Structures are given as structure tokens and as C-alpha cells.
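The values are calculated or read from the model by the stated rules, or taken from the named source; none is laboratory data. This one's a predicted model, so the numbers in the text were calculated from it and none came from an experiment. Neighbour counts are summed over all protein chains in view; Cβ atoms, including those assigned to glycine, are modelled from backbone coordinates with ideal geometry.
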């Protein structure tokens, strides 16, 4: 049921209504659903940037919003790869949309550049998966309306492993008992893949950054010390045992699992198209270090421009027309990612594969969106790969990695 927002208007106040100019886009999009491209954003109008995947679902919600509010919503189609850069470039000049689709891990850059405004979820906050709201939270304020959650999990071939493993050692034992070439598949490569290895790292109590009470991150690196050393030593042991290898790239891992060469692969829903014909189960990633194995979760949502003249109207559209079962299920069907709205997620979870990913995602942690995250990647994956291959001593290499990251963060 849609809810009105008189209270929302009061609480948003000047933070949302301060605007330098309207949200009309000067950029010429690939296609639009209105007569003119980016020409909205005037009084009583909204301009929304979307990509092809989200277009139809947003158009449907926009039509309902137009009928109830006697306003015009212009849905502008753009390449997703261009949206962030164009939004960052256009909003400071008073152009761009009132609303754009985007990923939560853009948040640090968007707030740092002052191009997004907070939104007010009001009593709707509890209607979403908690991790989805946390992902769009910074300094106690929510900056995005979440609609989809994406994360990795343990994908199991039930013909080779009838039961889900509770621990990493159980997974390896089941893989060895299956007699397949790979006990467990994790894409690695010579550059490493810290995103995919992260749940195993968190199971040792070594998160990348410290989290605040509201789920947002502080720029305090938290993966050093004994927990980090224990994870590094575990990596070395897995490499020495031949369980995990740096010559297993994404393509090799997917092809091997597809061909029945392992009962398990750690990966996301984007792999599933390759696994047609296999009887699959989606399970929690087993702990290697004794603590919960928490993967990163990516959340897709919608941002409001800091320069929008119609921020209250934009907030109304998002909270009351995008945050509905109908809209979120339409977005789910288009993108095949579990909805962020809990009631819609329950409906989508009638599919057991979706239910499996959603269950793992509910206990996952948001990918840090703070600017400091950009200093981590260059050192993290290579260090893991070098430890795994035996090219580096685990504790010394891990300590050097932490020092290098801290140096990069301070530069």
C-alpha cells in the first residue's frame, strides 16, 4: 500500500529543498521514453536516469505516479557504465536528473563531491532488508532507496554433494570424496580476487574496515594483527595442500564447475546461466576460521540529486512508488537480483535459488563505499595470490600489505 508523506516533507526540510537549479539533463541519451531528452526537472516535473534493464519497471512506476500526482516523469535511458561519470559531471552545473539509478558503492564518491541529497525513508526503513539500508547509510543519513541485493554464496552441485557443508574442512572433504579434480572452486588468478575470498577472511575476524553501529564504515583498517595473520597462514596452507590455486581464473572455475569437475563453487547469480542442466543448491559459504563467513553485498538503488528543485517530489516517488512490491518485483524479474524490500523478497524467494542467495545476503555486509576503499584493491588481491602460490611468507606479506594500504590512505 502506498503511503502519503506529509511527515516526510516536514522532516526533510531545507536539506532537500535547497537547490541551485533544475534537474534537466543537457546530455543526449541513447533513447528516452518522453518526447524530449533530459528536458524535465522544472516545477512539478521529474527526470529519472535508468539503464535498459531497469527501464520498463521504472516507466510503470512513473506512470502510476503521474496519474496520482498530475506531474510529468521523464525516464531517460542511458548506458549504465556512463551514469556515474555523467552524474558527477552534470549535477554541479545544475544539469542532470532529479533521480538516478546507481550502486551503493558509489556513495562515498557522490557524497564527497556533494552531488546527492539524503532521502527520508520515515517508517518505511524497517520494510527493507537491514543490510540494504546500511549500504546506503553515511554519517547517520540514508542516501539511496534500495531495490536489489547482490552477493556471492556457495553454489553446490547436489549430484556430487548431497549435503551442504557446515565448515570449510567439511567442504574440502566432500569435494575429495566426490573424486573430482577440484575439491572447491574459487576464482583467483595471479592478481587474486579479494572480493570472492572476503567471506573466508571475515570468518577469521579480519574485516577490511571497522563498522559503525549504523552499519556504515569508518576509515579504520581492521584486517591487520592476529586475525589477519591467521587468515594469511590459512591461505598458505590451502595453497600447499593444492586445494586452492592461482591458475584458476573466473573462466576456468566456471567451466570446471559446469563440467562437473567440482561439487562446489563460490560465486554469484551471474554464473547461473552457465550451469543450466545441473541440480543446484545455494548455501551459506562455510566458515574457515570459526566465525561467520560474511561476503560483501552490493545494493542497487536510486539517488536524488543534490541540485534537484523537486527533491520532495523525488522522495515521494521513490518511497511510495519504487518501494512497492509491484515495482521491486518488476525490477527483480528484469535483473534477477533479490529485492531489497522484505515483502517483495519473500515473494521472489518462492524460487529456491533466489531464496538461497537472499538468505546469504541477509547476513552479509555491505561493500564499503567510503573513499578509502579505493586504496585497498591494488595491494589486497596480489598479496593473497602471492601467499597462496608460495611466493610470499604469509605474516610478513600481510603486514606489508596493511602498511602499504595505510600509506596509500594517508597520501
Residue in segment 387-402 that is closer than 30 Å to residue 97 by Cβ and in contact (Cβ under 8 Å) with a residue 40 or more places away in the chain present: no
Residues that are surrounded by fewer than 22 Cβ atoms within 10 Å (Cβ to Cβ) and part of a strand (DSSP E or B), drawn from segment 189-240: 209, 210, 211, 218, 219, 220, 221
Filter pass, residue 267 being assigned by TED's automatic domain parsing to the domain that holds residue 285, farther than 18 Å from residue 387 by Cβ and either in contact (Cβ under 8 Å) with a residue 60 or more places away in the chain or surrounded by 15 or more Cβ atoms within 10 Å (Cβ to Cβ) (or both): yes
Leading residue by the ranking (modelled with the lowest pLDDT) among those in segment 107-126 that are touching a strand residue (DSSP E or B) at 6+ places or on another chain (Cβ under 8 Å), in a helix (DSSP H, G or I) and buried (at least 18 other Cβ atoms within 10 Å of the Cβ): 108
Residues that are within 25 Å of residue 209 (Cα to Cα), assigned to a helix (DSSP H, G or I) and in contact with a strand residue (DSSP E or B) (Cβ under 7 Å, 6 or more places away or on another chain), drawn from segment 127-144: 131, 132, 133, 134, 135
Among residues of segment 334-369, those that are surrounded by fewer than 18 Cβ atoms within 10 Å (Cβ to Cβ), part of a loop (DSSP other than H, G, I, E, B) and touching a helix residue (DSSP H, G or I) at 6+ places or on another chain (Cβ under 9 Å), counted: 2
Checking residue 148 against (1) farther than 21 Å from residue 339 by Cβ; (2) in contact with a strand residue (DSSP E or B) (Cβ under 9 Å, 6 or more places away or on another chain), the condition it does not meet: (1)
Matching helices (runs of 4 or more DSSP H) fully within segment 2-91 where at least 1 residues are at pLDDT 50 or above: 52-69, 80-90
